[in-house]
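Q: The structure that follows is given in the form of structure tokens.
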Amino acid sequence: MRARPFDWRKTPGIAPFAAFAIIFLYAPLVVLVIYAFNANNVVTIWTSFSLKWFGVAIQDQAIRDATFNSIVVAVASTILATIIATLGALGLERGPNFRGRGTAIGLVGLPLVVPEIVTAVTTLVFFSGIGLNLGLFNLIIAHTVFCIPFAMLPIQARLKEMPAGVEEAARDLYADERRLFMKVTLPLLAPGIMSGAMLAFVTSLDDFIISLMLAGAGTTTLPVYIYSMLRVGVTPEINAISTLLLLLSLIFVVAALLLTRKRS
Amino acid sequence: MTPRRALLLLLPSILMIGIFMAVPMIVGLVYSFMTADSTGGVEMPFTFDAYISLLYERDFDDTLLFTSDYLIIILRSVGVAAIVTLLCLVMALPLAWYITCQPERRRPGLLFIVSLPFWINMLIRTYCWVLILRDQGLINILLMKLGLISSPLPLLYNNGAVFLGLVYTFLPFMVLPIYATLERQDPKLIEAAFDLYATRWAVARRVVWPLAKPGVIAGTLLVFAPALGSYLAPDLLGGGKQLYIGNLIQMQFSTSRNWPFGAALATLITVVILGAMIWQQKRVRRVGLPL
């Protein structure tokens, strides 16, 4: 028997290419983090390692206010979006096919496909049209909307791979619907819900363009404030606060992943 | 569970997204057919003026003169989005293939590494390139230290920087769906082709590529759509020197205060993007969304 021509799992020259692509994805972030620890007032001229710009950033009252707004909006919209998404995921995964199910799925996925700038301006027009002017609450509504599909993805995934037999067994043992949900479905679903909540939190924290269009005086979020600082000029303070925001996102995404991993 | 119950569970999602996203989009569509009033809002009558002003200018005596100002911005945005999509594809295909060829236990980790940047603030990811490309940025300082150049190269505030920023931002969108299709393909097909002495090139072109195609289409849509409406990269890396659709829309709702025209532009890109999505809906759904 003749040997095969070659092993298809080994493509010559592809490993360096893949390594390049991954370095491309991370190198700019590393540059930012390194510069954040630079003592020099001029951002890109390295003098020595220092934490001083983190101190400056944390003591800046405007940054504190913007951070507070960001966290209030992110926490509120995460709670709302996660509850709404959990119910929706249950309806989609455990419910039978009903008329208009396809349309409902399309509608729920809408925030994932519409360009952010379009969402931003149409929401602005709508809010000003109906005269809704509730400060941070406007932002919370808008954030909840685009967080719903992100929260729903891991919950749906969890429901799909949860053994349906357990729920069947509980039903056979005459558990009523309420007890079935509270004692069986919900505890099994909990990691998916947590993971969905974390993704919703990060998605809200990351939003820039929608917050930019909707934010008024006193409702500036952290990314919008960083943007306004950038318009004035690049400062070491921006590097420090950006690094903190980056770390916060990383912590939540890694936690979400670990929760999703646990299932297998 | 009854169908009624399922619908009831979905109702909060439907209402929330329906009222605060679908309805505003319809309002935007209606506004695009109205007239801008002096206070920056909109008023009657219904006209096609906003759409006409995309291509024509109204002269003093009400004759329409062709103007290419906005057409150029639209074509530039479409062109840049198309090139960015192509560049992402060129980088994503080998990377997705590399991950597919790794032993099974290593794949989730690699996939996570690729998808992680997606969850980091886009403003921050774009800003990183300002630090690298500006006159006192990393590249210029290094080159000057090495004595290769005496004055900084103009790396920032041009179309090249915009390309770089957009490819950087959207690369994960291309890798993930392509990987999703490659991973699901049956290795037996590739082995069969190899056993029949197909060359590497023939296998890539006639076996792997057709199998990867749904992922490529999904990735193309996922990159092209946000790239077309991008605001940050043209603003921070292009320096706002050249306008793109995203910035033009944003201007109509802030400084220029021409809501009908802004709404018409927003409608235009939404129709293009949703049209493409619906057209390829089956394939996109089969591949699934990133993460």
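Q: Quick one: what pairs do we get from the range A:63-75, first residue surrounded by fewer than 20 Cβ atoms within 10 Å (Cβ to Cβ), second part of a helix (DSSP H, G or I), C-beta under 7 Å, 6+ apart or different chains?
A: A:VAL72/A:LEU136
Q: Give the residue, chosen from B:ARG125, B:ARG134, B:ARG106, that is at pLDDT 90 or above and of a type in the set (D, E, K, R).
A: Values: B:ARG134 fails: at pLDDT 90 or above; B:ARG106 fails: at pLDDT 90 or above.
After ruling out the rest, the residue left standing is B:ARG125.
Q: Quick check on the range B:234-255: of everything there that is small (Gly, Ala, Ser) and within 12 Å of another protein chain (Cβ to nearest Cβ), which residue is surrounded by the most Cβ atoms within 10 Å (Cβ to Cβ)? Reasoning before the result, please.
A: Filtering the range B:234-255 for residues small (Gly, Ala, Ser) gives B:238-240, B:246, B:254.
Narrowing further to those that are within 12 Å of another protein chain (Cβ to nearest Cβ): B:239-240, B:246, B:254.
Details: B:GLY239: 14, B:GLY240: 13, B:GLY246: 28, B:SER254: 13.
The selected residue is B:GLY246.
Q: Oh, and also: Quick check, is A:LYS160 in contact (Cβ under 8 Å) with a residue 24 or more places away in the chain, surrounded by fewer than 20 Cβ atoms within 10 Å (Cβ to Cβ) and either assigned by TED's automatic domain parsing to the domain that holds A:THR82 or touching a Ser or Thr at 6+ places or on another chain (Cβ under 9 Å) (or both)?
A: Values: in contact (Cβ under 8 Å) with a residue 24 or more places away in the chain: yes; surrounded by fewer than 20 Cβ atoms within 10 Å (Cβ to Cβ): yes; either assigned by TED's automatic domain parsing to the domain that holds A:THR82 or touching a Ser or Thr at 6+ places or on another chain (Cβ under 9 Å) (or both): yes.
Considered against the rule, which asks whether it is in contact (Cβ under 8 Å) with a residue 24 or more places away in the chain, surrounded by fewer than 20 Cβ atoms within 10 Å (Cβ to Cβ) and either assigned by TED's automatic domain parsing to the domain that holds A:THR82 or touching a Ser or Thr at 6+ places or on another chain (Cβ under 9 Å) (or both), A:LYS160 comes out as yes.
Q: Kindly provide the set of residues from the range B:272-281 that are more than 10 Å from every other protein chain (Cβ to nearest Cβ) and either under 19 Å from A:PRO149 (Cβ atoms) or modelled with pLDDT of 90 or more (or both), ordered by number.
A: Result: B:GLN280, single match.
Q: Something else: Looking only at the range A:129-145, which residues are part of a helix (DSSP H, G or I) and more than 8 Å from chain B (Cβ to nearest Cβ)?
A: Restricting attention to the range A:129-145, the residues satisfying the condition of being part of a helix (DSSP H, G or I) are A:129, A:136-145.
Within the range A:129-145, A:LEU136, A:PHE137, A:ASN138, A:LEU139, A:ILE140, A:HIS143 meet the criteria.
Q: Just need a number here: residues in the range B:104-123 that are in contact with a Phe, Trp or Tyr (Cβ under 9 Å, 6 or more places away or on another chain) and part of a helix (DSSP H, G or I). Spell out the reasoning first.
A: Filtering the range B:104-123 down to residues in contact with a Phe, Trp or Tyr (Cβ under 9 Å, 6 or more places away or on another chain) leaves B:107, B:110-111, B:113-114, B:116-119, B:121-123.
With part of a helix (DSSP H, G or I) added as a condition, the list becomes B:107, B:110-111, B:113-114, B:116-119, B:122-123.
So the answer is 11.
Q: Hey, another quick one. Out of all the residues in the range A:6-23, which are hydrophobic (A, V, I, L, M, F, W, C) and assigned to a loop (DSSP other than H, G, I, E, B)?
A: Taking the range A:6-23 first, the residues hydrophobic (A, V, I, L, M, F, W, C) are A:6, A:8, A:14-15, A:17-23.
Residues satisfying the conditions are A:PHE6, A:TRP8.
Q: Right, next: May I ask you to list the residues in the range A:230-246 that are free of Cβ contacts under 8 Å to residues at least 60 places away in the same chain, more than 10 Å from chain B (Cβ to nearest Cβ) and in a helix (DSSP H, G or I)?
A: Answer for the range A:230-246, where residues must be free of Cβ contacts under 8 Å to residues at least 60 places away in the same chain, more than 10 Å from chain B (Cβ to nearest Cβ) and in a helix (DSSP H, G or I): just A:VAL232.
Residues checked against (1) surrounded by 18 or more Cβ atoms within 10 Å (Cβ to Cβ); (2) part of a helix (DSSP H, G or I); (3) within 25 Å of the chain's Cα centre (by Cα):
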| position | (1), (2), (3) |
| --- | --- |
| B:TYR197 | no, no, no |
| B:ARG205 | no, yes, no |
| B:ALA212 | yes, yes, yes |
| B:GLY215 | yes, yes, yes |
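Q: Hey, which of the helices (runs of 4 or more DSSP H) in the range B:5-103, taking only ones fully inside, have at least 1 residues that are out of contact with any strand residue (DSSP E or B) (no Cβ under 9 Å at 6 or more places or on another chain) and not hydroxyl-bearing (Ser, Thr, Tyr)? Show your work before the answer.
A: Working: elements: B:23-31, B:49-52, B:69-101.
Once the helices (runs of 4 or more DSSP H) in the range B:5-103 are filtered for at least 1 residues that are out of contact with any strand residue (DSSP E or B) (no Cβ under 9 Å at 6 or more places or on another chain) and not hydroxyl-bearing (Ser, Thr, Tyr), what remains is B:23-31, B:69-101.
Q: Ok, one more. Would you check which residues across the range B:194-226 are more than 9 Å from chain A (Cβ to nearest Cβ) and either touching a Pro at 6+ places or on another chain (Cβ under 9 Å) or polar (S, T, N, Q) (or both) and list them?
A: B:PRO214, B:GLY215, B:VAL216, B:ILE217, B:ALA218, B:GLY219, B:THR220
Q: Same structure again: Could you please find all residues in the range A:162-194 being under 17 Å from A:THR86 (Cβ atoms) and at pLDDT below 80? Let's see the steps before the verdict.
A: Residues of the range A:162-194 that are under 17 Å from A:THR86 (Cβ atoms), as a first pass: A:162, A:167, A:177-178, A:180-194.
A:MET162, A:GLU167, A:GLU177 - these are the residues of the range A:162-194 that are under 17 Å from A:THR86 (Cβ atoms) and at pLDDT below 80.
The values are calculated or read from the model by the stated rules, or taken from the named source; none is laboratory data. Because the structure is predicted, anything quoted here is derived from the model rather than measured. All Cβ positions, glycine included, derive from the backbone under ideal geometry; neighbour counts span all protein chains shown.
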